[in-house]
Amino acid sequence: MNDQFLERMKSILADDYPQFLDSLERPFYKGVRLNPKKCEPEALVETLRLTQPTPFYRYEYYNDSITGLNPFHCTGSLYLQEPSASSVVPLLGIQPNDLVLDLCAAPGSKSTQILDFLETGFLVSNEIHPKRAQVLLSNMERMGAVNFAVTNSDPKTIGSWFPACFDKVLVDAPCSGEGMIKKHEEVKEDWSLENIDHCASRQKEILPWAIKALKSGGELVYSTCTYAIEENEAIVAWILEHFPEMEQVEIHAGFGRKGVSVLGMDPSKVVRITPIEGGEGQFVAKFRKKGSDFGEPLFLKNQKLNKKEAAFFHELTQKTYPYILKKDEKIFGMDHPFIDFGKIKTLRQGVLMGEQKKGRIEPEHAFFLAADQKEGLISKVEVDEEEMDRFMHGEVLMKNAVKGYVALCFKQTPFGFGKSDGNRITNKLPKGLRFLPKSHLSI
């Protein structure tokens with residue numbers, strides 16, 4: 001471990017430093033977050049034998065054995081997440097109808113958690129790096145997102161297009177990642193004061209556009225997974241100095257420790273989490289925007305399904321989406337009006353329901369994963385773990401089912417779909433989501 005890093009931590013933690021030093025010899029904290037939109041949390045806790053809830057979020061549990069090959073991960077019933085990372089989103093204070101921006105969203109742990117709080121509201125999840133944006137979209141689909149958009153743009157473009165539009169903004173900023181120093185060897189190898197300063201400069205480039213996108217009365221949460229004062233308390237002080245319309249808001253968390261004193265900010269109003277507090281590392285600060293700066297997004301004209309399209313989807317589900325968008329032969333649905341993103345690169349807005357192909361409609365994977373658990377899909381086929389494993393490898397299932405498109409379900413929750421001729425189900429799982437030959441499901 002870098003001696004300079006350790007000296008800095010000793011300065012930050014003072015009398016608690018020996019505990020931190022001991023924590024470096026213990027395993028990295030791992031956890032799972034349950035998805036209440038896809039499962040009954042109490043039942044899944046019993047099924048998975050989860051015995052240690054974290055102090056950070058009601059649906060987050062300590063666990064070091066569940067992997068991405070778990071069947072419930074495939075259904076979107078859970079998300080693998082470092083425990084303290086789940087502390088950030090609840091502090092936003094999201095209301096069910098809020099318009100929310102997650103400006104640095106990949107791979108999606110916090111965006112998918114935001115979905116727990118939204119009902120009629122809307123989430124814009126942005127990621128500047130194209131490959132990471134694709135991973136973000138995949139996780140949003142798996143977790144059953146409906147009223148959302150995944151954009152692949154820079155903060156300046158987002159803030160300029162949506163001035164003063166958002167009720168809540170999250171900036172989970174790219175950082176030096178000191179909290180991941182036990183998990184990722186490259187964090188340990190690349191640690192330097194120069195990298196910390198570089199990250200702080202980048203954070204100062206991002207935040208003005210996040211503030212621009214926030215409406216007056218709205219709240220912004222700034223978070224990192226690093227311990228560096230330059231990227232944490234010093235950034236809070238910088239915001240308060242350069243943006244007089246922003247005021248620091250006290251955080252009532254019930255976990256973590258207060259911050260480090262830096263001139264111009266209140267360290268008692270921020271939260272730090274270290275391994276001493278049961279998580280690898282998180283810093284959280286909250287702000288409210290003063291003034292009378294209000295805007296609203298532009299909405300697209302709502303479209304409707306024609307009779308053929310309506311009849312097709314009616315055979316698959318009782319759920320109807322009141323808002324429809326048709327683009328490039330694709331059909332999208334939402335419970336929220338579609339937003340005009342202008343020239344912002346948008347990977348997805350709403351649920352991709354299906355696509356017109358040679359005069360017929362082909363349903364899409366995302367349509368089945370976003371199915372309402374109460375109103376539900378009509379044609380469902382329950383499979384066991386062995387059948388699910390074969391399906392995840394792209395195999396055809398020899399199984400009796402009604403003819404037509406059917407949702408494949410594990411414990412009543414869809415994880416894919418196929419087309420049945422009555423005796424066999426052709427696999428429609430996207431190739432990019434199929435397991436490698438040597439990978440197999442494991443509870």
- [ ] Between beta-carbons, use under 10 Å as the cut-off and find the net charge around LEU13, counting Lys and Arg +1, Asp and Glu -1.
- [x] +2
- [ ] Convert 37 °C to kelvin, take the viscosity as 0.692 mPa s, use the Kirkwood radius over C-alpha pairs of the stretch 208-290 as Rh, and evaluate the Stokes-Einstein diffusion coefficient in µm²/s, rounded to a whole number.
- [x] 254 µm²/s
Task: Label-point separation in nm, ARG26 to LEU300, each point 7 Å along Cα→Cβ - done: 4.9 nm
Open item on the list: So if I take the alpha carbon set of the stretch 173-256, get Rg, then get Rh from the Kirkwood formula, what is the Rg over Rh ratio?
Closed with: 1.01
Open item on the list: With every protein chain kept in place and ligands, DNA and RNA left out, what is the accessible area per residue of the stretch 293-377? Probe 1.4 Å, answer in Å².
Closed with: 57 Å²
Task: Charge dipole magnitude, Cβ of K and R +1, D and E -1 - the chain, Cα centre, debye nearest 20 - done: 1980 debye
Open item on the list: Using protein chains only and a probe of 1.4 angstrom, how many square angstrom of HIS73 are accessible, to the nearest 10?
Closed with: 30 Å²
Open item on the list: Please report the carbon-and-sulfur percent of the accessible area for the chain; probe 1.4 Å, protein heavy atoms only, DNA, RNA and ligands left out.
Closed with: 49 percent
Task: Sequence of HIS184, HIS365, HIS242 from largest to smallest accessible area, 1.4 Å probe - done: HIS242, HIS184, HIS365
Task: Gained length - GLN356 relative to GLN412, 0.36 nm times residue gap less alpha-carbon distance - done: 17.3 nm
Task: Label-to-label distance, nm, for residues given as SER65 and LYS258 (7 Å Cα→Cβ offset) - done: 4.2 nm
Open item on the list: Let me check I've understood the local charge: for LEU118, count other residues with C-beta under 12 angstrom from its C-beta, Lys and Arg +1, Asp and Glu -1. What total comes out?
Closed with: -4
TODO: With runs of 4+ DSSP H residues as the only contributors, calculate the mean residue ellipticity of the chain at 222 nm using -39,500 (n - 2.57) per run, divided by the residue total and rounded to the nearest 500.
DONE: -7000 deg cm²/dmol
- [ ] Using only the C-alpha atoms of the stretch 74-199, find the volume of their convex hull and express it per residue in Å³.
- [x] 123 Å³
Open item on the list: Given Cβ point charges of +1 (Lys, Arg) and -1 (Asp, Glu) and nothing else, what value in debye, to the nearest 20, does the dipole of the stretch 301-417 about its Cα centre take?
Closed with: 780 debye
- [ ] May I ask you to give the average projected area over all directions of the convex hull of the Cα atoms of the stretch 206-253, in nm² rounded to one decimal?
- [x] 3.9 nm²
Task: Kyte-Doolittle mean at least -0.5 and Cα axial length at least 27 Å: DSSP H helices in the chain - done: 193-213
Task: Area accessible to solvent at CYS39, 1.4 Å probe radius, in Å² - done: 20 Å²
Task: the stretch 334-412: GluC sites (Glu not before Pro) in DSSP loop, at most 13 other beta carbons within 10 Å - done: GLU375
TODO: Determine the per residue accessible area of the stretch 133-215 with all protein chains present and a 1.4 angstrom probe, expressed in square angstrom.
DONE: 36 Å²
- [ ] Work through the residues other than LYS215 whose Cβ is under 15 Å from its Cβ and net out their charges, Lys, Arg +1 and Asp, Glu -1.
- [x] -2
Task: Over the chain: Kirkwood hydrodynamic radius from C-alpha pairwise inverse distances, Å - done: 23.1 Å
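The values are calculated or read from the model by the stated rules, or taken from the named source; none is laboratory data. The shown structure was predicted, so the numbers you read here are calculated from the model rather than taken from an experiment. Counting neighbours? That spans all protein chains shown, and the Cβs are built from the backbone with ideal geometry, glycine included. Protein only, heavy atoms only, side chains kept; ligands, DNA and RNA dropped before computing areas. Shrake-Rupley method; radii C 1.70, N 1.55, O 1.52, S 1.80 Å.
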